[in-house]
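Bear in mind these aren't lab numbers, they're just calculated from the coordinates by the rules spelled out. These figures come from a predicted structure and were not determined experimentally. Here the Cβ is made from the backbone with ideal geometry for all residues, glycine too, and neighbour counts use every protein chain on show.
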Amino acid sequence: MADDLGDDWWETDNPAKADEQSSSGDEGEKNAEDEQKGQKRSQEHDEVDQDQSPKKKQKHRRKKITSELKEKGDSSRATSKDVVEVIAKHFDGKLSTVEWDELRLDPDSDFYVGSEADHTPSSYLRTVLPKWKKLVQTSDLKPGSPLVLIITSSAIRAVHLNRSITDFKTEECKCAKLFAKHFKIEEQQKYLSKNICHLGLGTPNRISSLLKSGSLHLDNVKSIVLDWNWRDKKFKRMADIVDTRRDLMLLMQTYLIQHIHKNKCKIGIL
């Protein structure tokens, strides 16, 4: 009967020990398999952690608008043709042919000759108004009717500009501050109605309001200087600021261009 069992039981003297060895071998193989599976899971877990770990944020320094515009070549000084083009673009499609012909400015005859030199505000004004001192002394002016009108983008810029042209104005020159900051329009109207001013310096909106009220007059204005090339902290010029450009265009359309066409008055580009 033993020969019919089909087991190699006879190769082991102790059947119990054989069973123990067999069981130990199975457990070893199982532990090895578990260890391999554990290592594999650990490796997969590490790979997932690496994939899901937050990437270091790369700091991208955005170029300042000043640098961007300078790289594009937009830091060059504007010419009379540039100013005329801005005016034409603003009124494009808004005016009839006849209306535009009345507003059209000549880049040559309606502007002072451009200068390629780097000027300070004072040196530029001396260039376009070489006889300024004599003009101040000999002109017979009425209150609120300046000889020169300087138009800039903001009240803060007007204050700085006024200080920077002190040596140009001379002691006899009286300057009217035509901007809103710290000045109520009623106060300015009262001042202009009683005082002679040789130079008016202000912003488009307030100048328009004073002209409309009749307290400011263009009768004696011989030069209109646009502070066109100065740029603020955002590198924007007067024509680049939407509200200021709109106010300037309205001022030009309503008052200034008519005066330029009818009188010997020219535009300067500061």
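Observations on the structure shown:
- Candidate set: the range 119-165, residues that are surrounded by 16 or more Cβ atoms within 10 Å (Cβ to Cβ) and of a type in the set (Gly, Ala, Ser); chosen: the one nearest to residue 219 (Cα to Cα): 145
- Residues that are under 16 Å from the mean Cα position of the chain (by Cα), hydrophobic (A, V, I, L, M, F, W, C) and closer than 17 Å to residue 80 by Cβ were ranked within the range 231-270; the one that is surrounded by the fewest Cβ atoms within 10 Å (Cβ to Cβ) is 239.
- Residues of the range 216-241 classified as in a loop (DSSP other than H, G, I, E, B) and either within 23 Å of residue 261 (Cα to Cα) or hydrophobic (A, V, I, L, M, F, W, C) (or both), total: 12
- Residues in the range 108-162 that are free of Cβ contacts under 8 Å to residues at least 60 places away in the same chain, within 23 Å of residue 214 (Cα to Cα) and out of contact with any Leu (no Cβ under 6 Å at 6 or more places or on another chain): 140, 143, 155.
- Test set (1) surrounded by fewer than 17 Cβ atoms within 10 Å (Cβ to Cβ); (2) outside any loop (DSSP other than H, G, I, E, B) - residue 183 fails condition number: (2)
- Test for residue 170: is it in contact with a helix residue (DSSP H, G or I) (Cβ under 9 Å, 6 or more places away or on another chain), surrounded by 16 or more Cβ atoms within 10 Å (Cβ to Cβ), under 21 Å from residue 128 (Cα atoms) and hydroxyl-bearing (Ser, Thr, Tyr): no
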